Amino acid sequence: MNSNSGRTAVSASPSDTSRQQAGFNAALQGNQENLAEQQLAQTNPLQLIQSLFGATPASPQQPIATPGQTGVSPTNVIGAQQLSTDAANQAYQANTSSNNAMFGGLASIAGAAAIAI
């Protein structure tokens, strides 16, 4: 058996290796270009649809401006409660005055009737 025959299958000449390396690099470059095209198709589907249907080219997008902050004063809850309480108190006092006047009038009539008897 020849011991040289096992080595020839494993080792290649330098020209074969450089050709294989060039072929591998070309395949790798083609694969990289294919990946770049696929990524572009994923990131720009609207642009691709517009070009497919013959629509006008997309205009560059304008950044959305954030409007300025507008100052808003807080609600005066205590003042509103105070006004409500004052109105209720005035209604109570008016009702009490009316009742006092009515009972005062009745008491004076009853007193006058008691004196008359």
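Remarks
- Screening Ile78, Ile64 for residues that are among the hydrophobic types (A, V, I, L, M, F, W, C), exposed (fewer than 10 other Cβ atoms within 10 Å of the Cβ) and either in contact with a strand residue (DSSP E or B) (Cβ under 9 Å, 6 or more places away or on another chain) or modelled with pLDDT under 75 (or both) leaves exactly one candidate, Ile64.
- Inter-residue pairs, beta-carbon under 8 Å, first loosely packed, with under 10 Cβ neighbours inside 10 Å and in region 4-33, second modelled with pLDDT of 60 or more and in a helix (DSSP H, G or I), 6+ apart: none
The values are calculated or read from the model by the stated rules, or taken from the named source; none is laboratory data. All values derive from a computational prediction rather than experimental measurement. Note: ideal-geometry Cβ built from the backbone for every residue, glycine included; neighbour counts use all protein chains shown.
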